[in-house]
Amino acid sequence: MGSVYNKKVMDHFNNPRNIGIIEEPSVIIQVGDPSCGDTLLMSLKIKKDKIVDIKYKIYGCGAAVATSSIASEMAMGKTLNDALKITDDSIAEALGGLPEEKHHCSNLAASALRGAINEYRKSALKRT
Ligand code: FES
């Protein structure tokens, strides 16, 4: 039986990139999808307004793994403003598409990125 996922999704699912937790992160955040209970823990290292490292741990379905993996590649090296432009749609598109019922899974990585950047900016404001 064929997979519901395309080759690119399967590649990221089988070999997720940038898995782990950064030891001294600039920010770390956990987000969950209440509809399925899957969670994503994302840590970022930020220098001069750029994401210089990104690592995550994902407890979720195949699409959650693949979307977190490709989102980490998309965000790596980006300025915070550019990283904020990464959306659930652009993540799914970068993977060559997801089955309709799996589209919501790409929300986890997109909202973790957004949440982490907002959190980092808030705490940076407090420091100044
Ligand atoms: S089913 Fe929960 S993120 Fe995919």
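Bear in mind these aren't lab numbers, they're just calculated from the coordinates by the rules spelled out. Computed from a predicted structure; not experimentally measured.
Would you compute, from DSSP H runs of 4+ residues alone, the mean residue ellipticity of the chain at 222 nm, taking -39500 (n - 2.57) per run and dividing by the full residue count, rounded to the nearest 500?
Values: 5 runs with 55 residues, N = 128.
Calculated mean residue ellipticity at 222 nm is -13000 deg cm²/dmol.
Normalised by the number of residues in the chain, what is the relative contact order in percent for Cα pairs under 8 Å and 6+ residues apart?
Numbers: 220 pairs, mean separation 35.3, N = 128.
Answer for the chain is 28 percent.
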Practice item. Mind listing the long-range amide H neighbours of M76? Cut-off is under 5 Å, sequence gap 5 or more, other chains count too, H placed in the peptide plane at 1.01 Å from N. Key: none
Revision key, fill the gap. A student asked for the Cα radius of gyration and Dmax of segment 1-57 in angstrom ought to give 14.4, 48
Practice item. Take the alpha carbon atoms of segment 94-128, find their center, do the same for segment 8-43, and report the distance between the two centers in whole angstrom. Key: 10 Å
Study note, to complete from the structure: Once the in-chain neighbours fewer than 8 apart are removed, the lysines whose Cα is under 17 Å from K8 read K102
Study note, to complete from the structure: Across E101, E73, E24, the residue with the highest GNM fluctuation in the chain (Cα network, 10 Å cutoff) is E101
**Study point:** Additional length obtainable on full extension of the chain from L125 to Q30, 0.36 nm per residue less Cα span
**Key:** 32.1 nm
Check your understanding: Across every pair of different alpha-carbon atoms, what Kirkwood hydrodynamic radius in Å does the chain reach?
Key -> 14.5 Å
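Using the eigenvalues of the Cα gyration tensor, what equivalent ellipsoid semi-axes result for segment 25-81 when each is taken as the square root of five times the eigenvalue, whole Å, largest first?
Values: eigenvalues 99, 28, 13 Å².
For segment 25-81, the semi-axes come out at 22, 12, 8 Å.
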Study note, to complete from the structure: Taking Cα pairs closer than 8 Å and at least 6 residues apart, the relative contact order of segment 1-74 in percent is 35 percent
